[in-house]
1. When you go through Ala667, Ala749, Ala689 one by one, which is the residue that is in the same structural domain as Ala773 (by the TED database) and closer than 21 Å to Thr176 by Cα?
2. Which of the residues that make up the stretch 308-346 are of a type in the set (Val, Ile, Thr), modelled with pLDDT under 95 and under 19 Å from Gln383 (Cβ atoms)?
3. Considering each of Ala447, Ala365 in turn, give the residue that is farther than 14 Å from Gly503 by Cα, buried (at least 18 other Cβ atoms within 10 Å of the Cβ), of a type outside the set (S, T, N, Q) and assigned by the TED database to the domain that holds Thr496.
4. What strands (runs of 3 or more DSSP E) completely inside the stretch 473-577 contain at least 3 residues that are surrounded by fewer than 20 Cβ atoms within 10 Å (Cβ to Cβ), touching a residue at least 60 places away in the same chain (Cβ under 8 Å) and not assigned by the TED database to the domain that holds Pro236?
5. Looking at the stretch 384-472, what strands (runs of 3 or more DSSP E) fall wholly within it and have at least 2 residues that are closer than 18 Å to Thr516 by Cα, touching a strand residue (DSSP E or B) at 6+ places or on another chain (Cβ under 9 Å) and not hydrophobic (A, V, I, L, M, F, W, C)?
6. Do we have any residue at all in the stretch 477-498 that's within 26 Å of Gly238 (Cα to Cα) and of a type in the set (Lys, Arg)?
7. List the residue pairs whose Cβ atoms are under 8 Å apart, where the first residue sits in the stretch 861-877 and is of a type in the set (Ser, Thr, Tyr), the second is assigned to a loop (DSSP other than H, G, I, E, B), and the two are 6 or more positions apart or on different chains.
8. How many residues, within the stretch 358-396, are over 27 Å from Leu423 (Cβ atoms) and hydroxyl-bearing (Ser, Thr, Tyr)?
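The values are calculated or read from the model by the stated rules, or taken from the named source; none is laboratory data. Everything numeric here is computed off the predicted structure, so don't read it as measured data. Cβ coordinates were reconstructed from backbone atoms using ideal geometry, including for glycine residues, and neighbour counts include every protein chain displayed.
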Amino acid sequence: MLTTLQTRLKKAVRWLPVALLPFATQAQAQTLNYSPANAVNVAGTFTDISATGTAIATANTDDANSAAQPIGFTFNFNGTAFTQFVLNTNGLIRLGAAAPSVANLFFTQDFSPTQTAVDPIGSTNAADRNLLIPFNIDLVSGTSPAEYSVATTGTAGSRVCTVQWKNVSDKAGTGTDTAPTQYSNFTFQLKMYEGSNNVEFVYGPATASTGAATSRFPTVGIKGANATSSVLGNKPTGAAAWSTTVFINGPYGTSTHNFRNATLPDVGRTYRFAPTVLLNNDAAVTALYTLGKVSSTYGSPVTAQVVVSNLGSSAQTALPVTLTVSGATTFSSTQTIPTLASGASTTLTFTYPVTGTSGTNTVTAAVTAPDDLATNDSKTTTQTISAADMSYIVGTTFTGGAGVQSAGNVLVARYTANGSAGLNVVTPTFAGVATAGSTYQVVVYSANATTGLPGTVLYTSPSRPRPTAAAGAVVADAVTLPSIPVTNTFFVGVKTIGAENIGLAYQTESPLRSGTFLFTTNGTTFTDLSTSTLPARLAIDVTLGATPTCAVATGLSVSSITATSASLSFTPSATATSYTVTYTAGTTTTTVTPAPTASPVALTGLTPNTTYTVSVVTNCAGGQTSGAVTTTFTTAPAPPPFATLPFSESFEGPWINNLGTRDIPSASWRNTPATGNNSFRRNDDGASATWSLASGGAYTPASSAGTYSARFHTYFSATGTQGTLDLYLNLSAVGIKRLNFDYINPTGADKLEVLLSTDGGNTFAATPLLSLATNTAFSAKQVTIPGNSATTVLRFRATSDFGDDDLGFDNVQVSIVTANRNEALAATVNLYPNPAHRTFQLDVPAGSLHAASATLINALGQVVQQRELNLPATGGTASFDVSKLAAGVYSLQLKTGETLVVKRVVVE
């Protein structure tokens, strides 16, 4: 099975195209006396020490640890005094005389089962602590031979130890990592400062490679005792400048210090980590939260939140905090914090009116009492006033583009209107070049009255292309809405249609305000981005207008979808007299008549497996109408044909299109979902399902019969994710039915279950017919299928473990088992009275016949009765009612396994 690290790596690879959104809860450092708050990213200078320093010898320039090297003074880190360090060629040092656990200590995107590299942050080995990591990835010599050197300079008490990696290059990916080299030559340094115990990473000249620009994922930061005791540099996009790096507590989750050859560090770029030193009195404004653009008509008064922290060692009492607004608005207010303990924070809320339709405000929050450090006593932001626009974005500079995981994910921003209004325009801004064919929708939510999170979907826009922009540029896309009525708190989101990285522009806000920027994968469970390691202030702007007098219906949804019908529901408009409802497929439009006056509305006469757009226009008194709101849905495919017996499928032929591209082996199969990593495909055709890294996880051999098999991509499906491949069968023929197939699942906790439905797939038995775990090679599986339903569905359900390899099955056979007639056993069965008039009794001895299937057949070979005996294992008596049968000679067949007992019975 994969380690936690390898799982993280695969998750990171999944969102390579633009920025990465991590959604794991941000961990806090434990004992390390360094924090993100005391780390800075500044411009500086770079001085090469190769001519003046001492060379550090290593066995090679690809995965090697040096001997212990002197620092030249005592350096204190993580509560320990160090005088030596060990250099690793992969861009890090370990403090002390001992080497790290391995020489190939680096974060890798190659997660093949043979990969042995160890992530320095994720490692729990005691040898992998007290690490200083300026640029850790698999490094080799660059365009010139790699050099490693050390120099200690300065006078006693203020000396500096500089460690340098010169002429190194990130090694091209191997195995499942296909990324080419990005920096063909790179030089950088690590500095340790005596006395202050500061750590600096200083980056020198870098040369871009000629390979394709591809994001790679180095580790940059410092680590104490474990992963959560670390401070890491976070540059979420490879295209972002090195000056945009911010600092987070570790571990990384799915975000790292991305880099690519299109963006080189500016020479002298410096990341500085300073230990935390408590002053006696140090009150600080650590955050100022308000709108970057505010509507004077619909957003006044404005709320501003000021976070004040006591960073000193002494408690603060009667601490005054003042919010001042100048420019288009004049405002000043002071609140007093009665007491604030050392290390504690509190949030103050100020409200102030804005007037006019244009102008700019300067908003400043300050602690006004003097203390020992004045540089953190205040924060300032700017705010633009307009009549109708609202936004959280300040200025026009963005950090990058926020990515998402897959189709149907939504990035959401919260807004508050002053009372009721009409939401007329939503303007998301996008960063970078879009994936070809990228599309998105705008989604508007009301607020859930209980949770305050997004509640009812008020409106979903038609899908629209995500506009493109040049690398490093941004582009806004104004989406006009049919004046959606909103009241007080509402939410607007950007929803992906396909499995692409949408690249929604954002600005870094650290710490990110809570309850304002959210994310959902399913439309119901929302994650607050303030709990992630990417502090993303999302660029989703809104424009409000007057409350519409003839308001649109909201919350359109379609349910009870069949092949030919569906039910449309919506929240009615308070001013409506009726609604004009139309549904369109291609060039055919149908209008519901008479015009409905309430919800729901039945949609009939639909075509199977067809996408429809439903439009609803509100009709009001005086001939007024609203704009149209729309939603789309796809009818179910025509019911699959139930295959007759015997049935066989070896998956050799090209699969056919149903709800996806080549998603079913033949017409009697159904694949759910039709696309995505957790959908089945012929083993060589994962690309048609948009499998991530479709080549990963392949099992050997690829089939047990012929060349191909049915394969489930557990290798890249999240743990617990399921997919089903359903086989529709007519099992009404007389006889015992048996399923045979071959199964492979080389390693892991993933599994394949076979479930049974006798009602066409409406319900499935809770207990699987088979539950299969690890199978290192294809092996035969067999199970008897109970029942004789003409509408039987066998469901092959796979459950993923996000593991090393996929699972598959092949050579499916469903047949009627020919039973062997057992005359000796028949002699032990007593049937009476015979001839029978209204009923007869059947005495069954102890043994296998107690659970036999009993079938009564007339002289024409027709089945007239059929039942399961279900008698005790010790034997028993079953009664048969033949009062409604015609007089004649009948044959009673008892079948169990491959045993057949036949008794002749005469009905008079």
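1. Checking each option against the conditions leaves just Ala689.
2. Answer for the stretch 308-346, where residues must be of a type in the set (Val, Ile, Thr), modelled with pLDDT under 95 and under 19 Å from Gln383 (Cβ atoms): Thr329, Thr330.
3. Ala447
4. By residue number, 479-496.
5. Result: 410-431, 439-447, 454-460.
6. yes
7. Thr874/Ala846; Thr877/Leu871
8. Number of matching residues: 6.
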